[in-house]
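What follows draws every value from the coordinates through simple rules; no lab data is involved. What you are looking at is a predicted structure, and each value in this text was computed from that prediction instead of being measured. Note that we place each Cβ from the backbone using ideal geometry, even for glycine, and neighbour counts take in every protein chain shown.
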Amino acid sequence: MSNKQEAYALTMQEEIPGLIPQWREALDELYTEFRKRSRAALKDYEVENVHQARVSARKLLTLLPIIDPDDETGLYRPIKQAQKRFGRVRDADVLIGEFKQLRKESAEAGREEEAKLFKRMAKLEKEERRSRRKKLSTRLPKIVNGKLDRRWKAFLNDSLPELAERADVRAGLRDLKDDYRKRRHTYQVTADREGLYSEEALQALHQVRIAAKRCRYTAEAAAFALSDKQAEEAEHFKSVQKRLGEINDRHVRIQIAEDYGPEALGADEAGWNAFRQRLDEQLKESLSEIGEL
């Protein structure tokens, strides 16, 4: 081991005892928010409660692999299952709001046929959301309940100190950044080979966004265990996530329109072709403004 590595190891050993209370506070704050929002969301599916339940679950899923990489506590899987359930309802909430706004904008611009298509898409998505909400109500209580709460409490009281001694947030963030760079390279190679607007390139770009999100959440949620420079990097990844989110939204819009098809949306050939052309133009506009990743 080099002198630099030895110095770093000694520094980390000195810092670990002081970080245990911060680990406990950060993790329990997220879990408390997750449980509070989960209960509230099941009462009336209020949009913000669904959103925050999903966000707090995602942040927990960011920190748990660092503090408990082998999932010794068994907490990762149930929270991941809950996050997926909330995610499906949240995605529908977002799409319905988006389609309503697009309908309004299209009507104001005099594109009445386009407005009708967005109205129809919002209606169909509401039907899909109804099914997703029903599944959430049925399955979430089997995943997130008193049993999980007891396991969480045992984790904080019994397992956390030992796990914190082995945790290395800085190394974890470095690994996430390496993964981000690899996915960025894969996207660039795929875009060059398959074309900027190809399905393969768009899927690769979506993976870049996911990697950026993981880096951002880690830098935000575990700022207490990072250097100032590493913590500040959250802003960069937040910017990347936002820009790529716009591209992904427009791509998903096209996928949903294609899944429904002109018949389900009540569009004639001319109206459908004009609609699809406009969606393609909007996607290309976003890709042209992607900026530096």
| Taking the convex hull of the alpha carbon atoms in segment 175-293, what volume per residue do you get, in Å³? | 103 Å³
| request: Check cross-link reach from Lys135 to the lysines: straight Cα distance under 27 Å, and skip same-chain residues fewer than eight apart. | output: Lys36, Lys43, Lys59, Lys80, Lys84, Lys100, Lys119, Lys123, Lys126, Lys147, Lys213
| request: List the equivalent ellipsoid semi-axes of segment 1-167 in whole Å, largest first, each obtained as the square root of 5λ for an eigenvalue λ of the Cα gyration tensor. | output: 42, 20, 11
| field | Of the trypsin sites (Lys or Arg not before Pro) in segment 221-293, those whose Cβ has at most 12 other Cβ within 10 Å and which sit in DSSP loop | value | none
| message | Going by Cα centres, segment 97-145 and segment 217-293 are how many Å apart? | response | 17 Å
| Fully extended, how many nm does the chain gain between Arg150 and Thr138 (0.36 nm per residue separation, minus their Cα-Cα distance)? | 2.2 nm
| request: Determine the gain in length on full extension of the stretch Ala40-Val189; use 0.36 nm per residue of separation and subtract their C-alpha separation, reporting nm with one decimal. | output: 49.2 nm
| Can you list the GluC sites (Glu not before Pro) in segment 23-131 that are in a DSSP coil and have 15 or fewer other beta carbons within 10 angstrom? | Glu46, Glu72
| field | Net dipole in debye of the chain [+1 Lys, Arg Cβ; -1 Asp, Glu Cβ; about Cα centre; nearest 20] | value | 1340 debye
| Using alpha carbons only, how many degrees (0 to 90, rounded to 10) separate the axis of helix 199-221 from the longest principal axis of the chain? | 40 degrees
| remark: Using alpha-carbon positions, the gyration tensor of segment 113-206 gives root eigenvalues a ≥ b ≥ c; with a/c under 1.5 called rounded, otherwise prolate if a/b exceeds b/c, else oblate, the class is oblate
| task | Consider the candidate values [x] 113, 54, 31; [y] 66, 60, 35; [z] 70, 46, 28; state which one is Cα extents along the principal axes in Å computed from the structure displayed. | result | [z]
| query | Does anything in segment 223-240 have its amide N under 20 Å from the 7 Å Cα→Cβ label point of Glu25, and if so which residues? | reply | 223-232
| What chymotrypsin sites (Phe, Trp or Tyr not before Pro) in segment 180-228 are in a loop by DSSP, with at most 13 other Cβ atoms within 10 Å of the Cβ? | Tyr197
